[in-house]
Amino acid sequence: MKILISADMEGATGVTWPGDVLPGTPQWERCRSMFTSDVNAAVLGFYDGGADEVVINEAHWSMRNLLLEQLDERAELLTGRHKSLSMVEGVQHGDIDGIAFVGYHTGAGMEGVLAHTYLANSITGVWLNDVRASEGLLNAHVVAEYGVPVVLFTGDDLACEDALGYAPEALKVAVKDHVSRYAAVCRTPARTAADIRSAAKDAVRLAVRHTPVTGGPFTIALEFDAEHLALSATVVPGVERIGERKVAYTEATMYDGIRTFKAVTTIVSSAVEEQYG
Ligand SMILES: [Zn+2]
């Protein structure tokens, strides 16, 4: 049995503000260790529950955050950027029985600690077939196309609530309770590691590959905080303007849906102006 962990950082233990997750800052250096502790707890729990292999895919920012040297020696880490499926890279090879979303968060425009969808700012909302979408929701649809269930979820309490909507079966661990976008009541790494390890152990029973879901077509809409960003997004083939600050596109599969999403966010981020953005 092989488990994939998609590891994002905003929903990690102790993380509450931008400095905690921006590579290069002293706070990020400190938080990397707590983030690694969450991920390693999941690794240990999956092995406790009988997994044969655990692979971690880094899913945050530069995708170079986790401390390899602090991970259990049985795990393997995919680190670095430019991967076909980005946050859930590795799910497409047909050998993954279950996936964990560790350190996830709520989506752009939602309540939640460091809530956003792919871009840290500029996007004010994302919808998948008219349902408000977080990164977890989008990626849950991607992994469903490969028949892989989401078995474990960690993040703040509101992210866990959001995950109930798209991964109802997954075991959930809230490592902190939301107070505002930049504040949370945090539990210590020792405590959250124990909670995550025990949930991961139980979650192994859910790691049973399903029949791949073909639920398309998928219409994805994005709303930005400036109208020129909507215009810039329309250079991506198939992306149309549906409002002053809103665009949408439709794909038959979520494989293409998430790849076009990546193209849109890459183009849009290059169009954000520092002063008059
Ligand atoms: Zn994220």
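Each value in this text was obtained by applying a stated rule to the coordinates, not by laboratory testing. Quick caveat, the model's predicted, so the values are computed rather than measured. Cβ placement follows ideal geometry from the backbone for every residue including glycine, while neighbour counts extend to all protein chains displayed.
In table form, for the structure just shown:
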| read-out | value |
| --- | --- |
| More than 18 angstrom apart: percent of Cα pairs within segment 218-270 | 19 percent |
| Residue order, fewest to most beta carbons within 10 Å, for Ser198, Ser86, Ser180, Ser6 | Ser180, Ser198, Ser86, Ser6 |
| Ascending count of other beta-carbon atoms within 10 Å, so fewest first, for Arg209, Arg197 | Arg209, Arg197 |
| Length-normalised contact order of the chain in % [C-alpha pairs under 8 Å, at least 6 apart] | 21 percent |
| Segment 155-210-segment 242-277 distance, computed between alpha-carbon centres (Å) | 29 Å |
| For Tyr182, Tyr47, order by how many other beta-carbon atoms lie within 10 Å, fewest first | Tyr182, Tyr47 |
| Debye log10 I(q)/I(0) at q = 0.07, 0.10 Å⁻¹ for the chain, Cα point scatterers | -0.23, -0.47 |
| Rounded to 10°, Cα long-axis angle of helix 26-48 versus longest principal axis of the chain | 60 degrees |
